[in-house]
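Just below is one structure, and these are the notes that go with it.
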Amino acid sequence: MRCAILLAAALLAGCTSEIERQTNEYTIMRRSGATSQELCDKAYEIAEIYREDGDTAGFEEWDRTGDIHCYDVELGI
């Protein structure tokens with residue numbers, strides 16, 4: 001049974017897009033208390049994926065998110 005669950009999880013992981021994996025990782029990082037610098041870096045990483053895909057709206061959203069976290073770093077938050 002455990003092998004079946006692990007196999008199903010592996011198959012589902014293969015079906016998710018890179019952007020889904022990265023945004024899920026960002027969410028986990030945020031909920032787990034990642035630093036503002038870590039969140040800044042991750043948000044810019046996600047923005048770059050959107051830019052490479054030609055998704056301007058997605059890029060702008062995540063670029064702004066990165067800006068916010070980086071401002072937090074500058075402020076020492």
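The values are calculated or read from the model by the stated rules, or taken from the named source; none is laboratory data. Being a predicted model, the structure only gives us computed values, none of them experimental. As a convention, Cβ positions derive from the backbone with ideal geometry for all residues, glycine included, and neighbour counts pool all protein chains shown.
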* Structure fact -> Just one listed residue, out of T16, T23, is surrounded by fewer than 15 Cβ atoms within 10 Å (Cβ to Cβ) and either within 30 Å of L75 (Cβ to Cβ) or modelled with pLDDT under 95 (or both), and it is T16
* In region 50-61, is there at least one residue being in a helix (DSSP H, G or I), more than 12 Å from the chain's Cα centre (by Cα) and among the aliphatic types (A, V, I, L, M)? -> yes
